Structures are given as structure tokens and as C-alpha cells.
Amino acid sequence: MSSIYDELREAAELAAAPRRSPARPLVRVDLSTSSIAAEADRLWEALEPLAAEHDVELVRVGTLGLSWLEPVVEVERPDAMGGGAVVYGPVRPEEAAEFLAAALGDDPAEAAAPWLIGARTPAAGIPPLANHPFWGPQERRLMRVMGIIDPESIDEAIAEGAYEALDRAVTMDPMAICDLVLAAGVGGRGGGGG
């Protein structure tokens, strides 16, 4: 990798570190087009004053792909609170206070059950997202951070490895890049690549 990309990656890692292993609860709210249509923006507004009250960090993220369950919220508890990132939805704006108290309480599996979708990372007593009929058959590679990082944060994207391929490509011979694309069997959308 180039030294410039290494410097960018180091700075991005530092900026993203608090969200990778939070010291306090992290509440991710899906604020994508479909979630805003389901009043996620109003849910965000309802959660903002509650975030300070409950000492949580409120974060905007893109969609996890669960559009029919919008608004979707993920609550990641620090290890001191039992750990785990749990996905909930739909959470209505008028339910914000009740939901947040339940999700942050001693038994979120029971108290937040009406909203529970599943655990993205292991959480006591909560079934993993892999057990969910929509989520289970999927193996996310390109979209593995979808719904986890802020889609408007270049630091979070770089910390997750964005632009590594570009950094490699600028040092390669152009024909070597063409050979890689041909070997991968990449085609155009709708057959446009032959």
C-alpha cells in the first residue's frame, strides 16, 4: 500500500475506534430513504434528547436491508453491560422512550421483545440474525458494513477497508488490472459486459 493510504487508514482507524468497541451504549438508527418514509427521521428526533438522558451515543447509519421492518434500530451494548449488537424494529417515534429503556435494561430479550429482530453479534438470550428467515441465507461480503457505519463518513469507510483496491490498482500495470477483471468473470449489469 502507498504511504498516503497508510496515513489515511491510520487516521480513519483512530476516528472509528470508539464505534468499534464502544465504552457506552451505541444506538444506530437507519436513516435511509425507506426508513425515512416510515418516520425514522421522527424517531431520530425523539431519541436525541433521550440519548443524553441515557448516556448513549446516537449514530446515523444506512439500511440493513430490512425495509419492511422500518424504522430499524440497532443497540450495541458495551462489554460492561453484557455486550452484543441487537437489531430491533419497527420502532415507532412515539415508542422511543419505552423502547430505549427496554433495550438498555437488565433483560432486553424480555423487555424489548415486541421490537426484537435478532442479534448481529452475540447477545445473551437473543437469537442471532442468522436465524432470521430473511437474514439467514445471506452471506454479506460487499455489504458487510451496511447498516453499521455512517454512509456519509469517509473515515468509517476507510477504516473498514474502502479504497484498498484503488490504492493497489494505481501501482499496477493497466493490463494486469484488465487480466484481474477478466479472471474474475465480472460482466456488465443486464449482460452488457458480454
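Read-outs: derived from the displayed coordinates by stated rules, not from any lab. Just so it is clear, the structure is predicted and the values come from calculations on it, not from any experiment. Cβ placement follows ideal geometry from the backbone for every residue including glycine, while neighbour counts extend to all protein chains displayed.
Numbers for the structure displayed
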{"read-out": "Global geometry of the range 17-68, whether rounded, prolate or oblate, following the gyration tensor of its Cα atoms and the 1.5 cut on a/c", "value": "oblate"}
{"read-out": "Viscosity 0.890 mPa s, temperature 25 °C, Stokes-Einstein D of the chain from Kirkwood C-alpha radius, µm²/s", "value": "133"}
{"read-out": "Prolate/oblate/rounded call for the range 73-117, Cα gyration tensor, a/c under 1.5 rounded", "value": "prolate"}
{"read-out": "Spin-label proximity, Trp68 to the range 128-151 - amide N less than 16 Å from point 7 Å beyond Cα toward beta carbon", "value": "132-138"}
{"read-out": "Using a Förster distance of 30 Å, the FRET efficiency for Glu110-Glu45 (Cβ separation, nearest 0.05)", "value": "0.60"}
{"read-out": "Mean Cβ count within 10 Å, highest first, over the residues of peptides 164-177, 126-139, 82-95", "value": "82-95, 126-139, 164-177"}
{"read-out": "Of every Cα-Cα pair in the range 72-176, the percent that sits beyond 23 Å", "value": "43"}
{"read-out": "Calculated P(r) tail over 12 Å for the range 142-183, as whole % of Cα pairs", "value": "66"}
{"read-out": "Gap separating the Cα centres of the range 117-132 and the range 20-62, nearest whole Å", "value": "20"}
{"read-out": "Overall form of the range 1-107 per C-alpha gyration tensor (a/c, 1.5; a/b vs b/c)", "value": "oblate"}
{"read-out": "Chain lengthening between Val181 and Glu57 when straightened (0.36 nm per residue, less Cα-Cα)", "value": "40.5 nm"}
{"read-out": "Under the span-like rule (Cα at least 15 Å along the axis, Kyte-Doolittle mean at least 1.6), DSSP H helices of the chain", "value": "174-184"}
